[in-house]
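Reading through the structure tokens given below for one structure.
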Amino acid sequence: MSLIPPDPVSGVDSGDEPQICAPEHCFHAFDALFCALTSKKPIPPVFPDDKYPLFVTWNTRSSRHGRAPRLRGCIGNFDPLPLHKGLAEYALISAFRDTRFNKIEEWELESLECGISLLTDFEDASSYLDWSIDRSEAPSPLSSTTSIPTRSYIKHSYSATYLPQIAPEQGWDKIETVDSAIRKAGWNGRITEDIRRSVKLRRYQSRKCTVGWEEYVQWRKLNGGRI
């Protein structure tokens with residue numbers, strides 16, 4: 001099982017498409033963390049136990065109005081996982097095993113929000129430029145595609161990913177995004193056009209939903225859980 005800590009994204013499913021990622025997925029992940037920290041009894045999930053590659057993101061919401069949430073943990077897996085087990089498992093992996101951060105503690109719960117990203121529409125690209133930053137140009141109307149450079153012509157494999165909204169959030173063009181991903185993968189040499197052309201790129205889309213602590217508490221109480 002691979003642990004892949006990416007950068008976070010924001011967004012939700014489009015109203016024009018069937019909702020794939022729903023608040024119930026976030027509540028289930030939040031419940032796993034809450035019960036792990038408090039020894040309370042978890043609420044069994046009732047949503048379909050479909051399989052998806054997924055990421056769980058924890059953010060800390062600022063007490064100052066207008067400030068963006070701060071990343072607190074984000075790890076996922078590109079293998080399709082049953083949602084009931086996978087969301088609960090990666091909620092804890094992201095909270096406790098993201099090496100960029102200290103483990104999340106109980107006193108932090110009230111400031112947290114949980115984001116779930118379910119990954120879909122994986123396609124092999126024809127070149128390192130065969131993807132879109134602008135969401136309006138994406139193959140699906142839901143989000144922009146993202147790139148995964150996986151191999152250089154050096155006899156060694158590298159891999160990295162960016163979830164779809166990172167490039168527009170950072171203001172990167174395609175080459176800047178691919179170059180950043182190559183660095184993220186661990187390549188420390190000079191990035192030449194030959195290196196870029198040797199990239200094997202696979203694009204995908206992310207369906208995401210996010211809920212905060214207050215929403216989770218309301219959901220848990222409505223479902224007979226204790227806080």
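The values are calculated or read from the model by the stated rules, or taken from the named source; none is laboratory data. Here the structure is a predicted model, which means the values were calculated and not measured. Cβ: placed from backbone, ideal geometry, glycine included. Neighbour counts: every protein chain shown. The protein model used for the area step is the full one, side chains on, heavy atoms only, and it has no ligands, DNA or RNA in it. Shrake-Rupley method; radii C 1.70, N 1.55, O 1.52, S 1.80 Å.
Would you mind listing the helices (runs of 4 or more DSSP H) fully within segment 100-213 where at least 2 residues are among the basic types (Lys, Arg) and either open to solvent by 80 Å² or more (accessible area, probe 1.4 Å) or modelled with pLDDT of 90 or more (or both)? Spell out how you get there, then give the answer.
Numbers: elements: 166-170, 174-185, 193-197.
Of the helices (runs of 4 or more DSSP H) lying wholly inside segment 100-213, those with at least 2 residues that are among the basic types (Lys, Arg) and either open to solvent by 80 Å² or more (accessible area, probe 1.4 Å) or modelled with pLDDT of 90 or more (or both) span 174-185, 193-197.
When you go through (1) open to solvent by 50 Å² or more (accessible area, probe 1.4 Å); (2) closer than 26 Å to residue 107 by Cβ one by one for residue 80, which number turns out not to apply?
(2)
Over 15 Å from the mean Cα position of the chain (by Cα) and within 20 Å of residue 220 (Cα to Cα): does that describe residue 82? Walk me through how you get there before you give the answer.
Working: over 15 Å from the mean Cα position of the chain (by Cα): yes; within 20 Å of residue 220 (Cα to Cα): no.
Against the criterion (over 15 Å from the mean Cα position of the chain (by Cα) and within 20 Å of residue 220 (Cα to Cα)), residue 82 does not qualify.
Filter segment 44-62 down to residues that are surrounded by 13 or more Cβ atoms within 10 Å (Cβ to Cβ) and among the hydroxyl-bearing types (Ser, Thr, Tyr) and give me whichever is nearest to the chain's Cα centre (by Cα).
57
Name every residue in segment 214-227 that is part of a helix (DSSP H, G or I) and open to solvent by less than 30 Å² (accessible area, probe 1.4 Å), in order of residue number.
Across segment 214-227, the qualifying residues are 216, 217, 220.
Can you name every residue in segment 85-99 that is within 25 Å of residue 19 (Cα to Cα) and surrounded by fewer than 17 Cβ atoms within 10 Å (Cβ to Cβ)?
First, the residues of segment 85-99 that are within 25 Å of residue 19 (Cα to Cα): 85-92, 94.
Selection gives 85 alone.
Can you pull out the residues in segment 108-125 that are touching a helix residue (DSSP H, G or I) at 6+ places or on another chain (Cβ under 6 Å) and of a type in the set (S, T, N, Q)?
Within segment 108-125, no residue meets the criteria.
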